[in-house]
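None of the figures in this text is laboratory data; all of them are computed from the coordinates on show. Computed from a predicted structure; not experimentally measured. Quick reminder, even Gly has a Cβ in these numbers, built from the backbone with ideal geometry, and neighbours come from all protein chains shown.
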Amino acid sequence: MDRDQQVTAEKGMNRFVWNMCYPDAERVPGAILWAGTLAGPVSVPGSYQVRVTVGEKSVIQSWQWEKDPRLETTQEEFQEQFNFLIKIRDKMTQVNQAINRLRSIKKQVDDLQTKIKEHEKWKGIIAEGKKFKEKLKEIEDVLIQSQSKSSQDPLNYPIKLDNKISALASIVARSDTRPTDQSYELFKELSAQADVQIARLDELIQTDLAAFNEIVKEADIPAIIVK
């Protein structure tokens with residue numbers, strides 16, 4: 001459950017709907033996902049407690065979360081599906097955190113270049129910034145399809161790793177059954193590809209970004225630049 005959700009304390013009856021889902025994966029603002037989901041997995045059937053706190057007083061109520069009686073899925077299979085969906089969600093969070101970090105760095109370099117583009121003495125810094133951004137873009141283009149701006153754009157632009165992993169989550173969560181062996185194999189493959197790009201980004205931050213920051217520092221560029 002989202003910890004930010006709260007029951008209102010208005011006069012009369014107050015209704016709160018708990019969907020029994022764990023927190024979602026981190027998001028990339030504006031990202032388009034084709035048949036993918038970032039939603040956290042649903043809790044497995046079992047015994048749970050709910051605590052209601054008003055001021056300094058708390059009341060705890062135990063209750064049972066039952067599976068659909070028509071299903072033949074065992075408790076172990078529910079747990080296996082849940083554990084796998086948590087792994088997919090966490091990998092999706094890692095990928096999206098990398099994308100958000102990458103885009104934040106790229107925007108800061110863009111902002112700096114915009115400030116100094118009118119000044120000839122800093123032309124070399126602009127060139128270095130451009131080369132650094134090209135390296136960032138190589139990673140970004142593997143992790144996310146930046147050209148998709150609407151829900152129909154994936155018809156024209158192929159989906160990338162973030163969408164492939166989120167689509168796998170959607171497939172695994174679609175039915176209350178044990179994940180297939182193929183799903184595990186695909187996740188292993190996609191995770192390995194993602195880890196390569198995240199490692200590349202970490203290395204760029206430690207080397208190229210550090211070197212770029214040193215160049216900017218040596219140039220003694222002021223925070224406020226007037227044309």
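Show me the GluC sites (Glu not before Pro) within the range 21-82 that DSSP assigns to loop and that have at most 11 other Cβ atoms within 10 Å of their Cβ. Those that pass, being in a loop and sparsely packed, are 56, 66, 72.
Based on the alpha-carbon gyration tensor of the range 12-84 and its eigenvalue square roots a ≥ b ≥ c, which shape applies: rounded if a/c is under 1.5, prolate if not and a/b is larger than b/c, or oblate?
Values: a/c = 2.37, a/b = 1.21, b/c = 1.96.
Oblate, because a/c is 1.5 or more while a/b does not exceed b/c.
If the label point is 7 Å along Cα→Cβ of residue 141, which residues in the range 88-104 have backbone nitrogen under 19 Å from it? 99-100, 102-104, by backbone N distance to the label point.
Given 0.36 nm per residue, what is the gain on full extension from residue 73 to residue 61 after removing their alpha carbon distance, in nm? It would help to have the intermediate numbers written out before the result.
Working: separation 12, 0.36 × 12 = 4.32 nm, distance 2.71 nm.
Taking residue 73 through residue 61 to full extension adds about 1.6 nm, to one decimal.
Computed over the Cα atoms of the range 46-219, what is the convex hull's projected area averaged over all directions, in nm²?
Numbers: hull surface 68.2 nm².
With the hull built on Cα positions only, its mean projection is 17.0 nm².
So what is the calculated 222 nm ellipticity per residue for the chain, using -39500 (n - 2.57) for each DSSP H run with n of 4 or more, over all residues, to the nearest 500 deg cm²/dmol?
On the way: 5 runs with 109 residues, N = 227.
The helix contribution divided over the chain gives -16500 deg cm²/dmol.
May I ask which of 133/160; 107/188; 137/188 have a Cα-Cα span longer than 28 Å here?
Working: 133/160 19 Å; 107/188 32 Å; 137/188 24 Å.
As for pairs spanning more than 28 Å Cα to Cα, those are 107/188.
Rounded to two decimals, the Cα radius of gyration of the range 124-227 over 2.2 N^0.38 Å is 1.52. A simple charge model with +1 on the Cβ of Lys and Arg, -1 on the Cβ of Asp and Glu and nothing else charged puts the dipole of the range 87-163 at about 180 debye relative to its Cα centre. Could you state the number of Å between the C-alpha centres of the range 90-154 and the range 183-227? Rounded to whole Å, the Cα centres lie 9 Å apart.
About its Cα centre, the range 1-135 has a charge dipole of approximately 900 debye under the convention of +1 per Lys or Arg Cβ and -1 per Asp or Glu Cβ, with nothing else charged.
At most 16 other Cβ atoms within 10 Å plus a DSSP loop assignment makes a site exposed; report the longest stretch of the chain without any exposed chymotrypsin sites (Phe, Trp or Tyr not before Pro).
Working: sites that count: 16, 18.
Here the longest run is 19-227.
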